[in-house]
1. What does the charge count near Asp55 come to, summing +1 for each Lys or Arg and -1 for each Asp or Glu among other residues with Cβ under 12 Å from its Cβ?
2. With +1 on the Cβ of every Lys and Arg and -1 on the Cβ of every Asp and Glu, and nothing else charged, how large is the dipole of the range 87-239 about its Cα centre, in debye rounded to the nearest 20?
3. What ranking do Cys166, Cys131, Cys96 get, fewest neighbouring Cβ atoms within 10 angstrom at the top?
4. Given N residues in the range 82-231, what is Rg(Cα) / (2.2 N^0.38 Å)?
5. Please report the net charge: other residues with Cβ closer than 15 Å to the Cβ of Val181, K and R +1, D and E -1.
6. What list do you get for Met114, Met238, Met154 if you sort them by fewest beta carbons within 10 Å?
7. Counting other beta carbons within 10 Å of each residue's own, what order do His100, His132, His116 fall into, fewest first?
Amino acid sequence: MYVTEFSGMLSIPARANDQAMARRTKNESAQTRETILDAAEIEMQARGVSQTSLDRIARRAQVTRGAIYWHFSDKRALLEAMVSRTHLPLRDLRQCLSQHIPGNEPLWLVREMMRHGLERLGHDARHRRVCHIVMHRCEVTDHGHPADELMRAMFEDARDVLLSLCNEIDQLGHLHPQLSVRDATDVVMAFMAGHYECVLRHPETYAADRDWAPLVDAALRGLIDEAASATLQRHAAMARPDTAIVE
């Protein structure tokens with residue numbers, strides 16, 4: 001009996017040590033994964049996706065190729081993980097913003113989504129780097145390329161959310177009478193895509209770190225009726241108290 005009890009007492013610290021070691025191993029594995037993704041971002045931005053080998057990523061990350069394959073089955077999985085690490089689906093952003101916007105007002109939701117997306121380019125270096133890789137450093141040669149599929153999925157997610165919000169604006173009677181819901185959605189999509197393209201392709205002349213609110217408000221005023229435009233101006237002035245309402 002005494003031997004059994006003594007053995008049981010010894011097993012308690014042994015189990016604690018095993019658990020601590022398991023946690024440490026898990027943390028180290030997660031850190032290695034992040035290091036690989038960081039290295040992949042730097043290499044792919046500099047060389048392009050097709051010209052970046054796993055060997056080069058391994059050297060920059062100071063890990064073995066085996067470590068990369070432990071976390072990612074191939075370069076496609078690596079690229080997808082890189083995007084998912086920084087990409088916030090627009091439907092998730094809508095849900096987050098709706099908690100802070102009284103009444104989930106659709107026009108103000110669209111406005112804040114646009115502003116948030118553009119401001120991320122200015123203050124989130126990782127987001128800017130990954131967007132540059134996906135938009136300008138992926139050699140998309142055919143349909144079905146990983147980058148093509150990623151961009152298509154992000155485009156469809158954004159378009160579906162904006163189409164729904166523009167439809168809500170129309171149902172409230174605030175859409176410009178000469179525009180359809182699809183027209184308004186296309187204008188917003190083109191506005192965002194155009195600014196992303198300019199910031200990412202010409203960063204030396206097209207500043208990302210700026211106050212995007214006036215540009216967003218100007219674009220939206222062209223999509224809505226006069227009453228909604230006046231409401232937008234009042235909301236914008238309240239959000240930026242140092243800015244007077246321009247009648």
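Computed from the coordinates by the stated procedures, all read-outs in this text should not be read as laboratory data. Keep in mind that this is a model prediction, so the values were computed, not measured. Cβ atoms come from the backbone with ideal geometry, glycine included; neighbour counts cover every protein chain shown.
1. Numbers: positive: Arg56, Arg59, Arg60, Arg65, Lys75; negative: Glu43.
Its environment carries a net charge of +4.
2. That gives the range 87-239 a dipole magnitude of about 380 debye.
3. Fewest to most other Cβ atoms nearby, the residues stand as Cys96, Cys131, Cys166.
4. Details: Rg = 15.8 Å, N = 150, 2.2 N^0.38 = 14.8 Å.
Computed over Cα atoms of the range 82-231, the ratio equals 1.07.
5. Neighbourhood net charge equals -4.
6. By the 10 Å Cβ count, ascending: Met238, Met154, Met114.
7. Values: His100 8, His132 19, His116 16.
Neighbour counts put them in this order, fewest first: His100, His116, His132.
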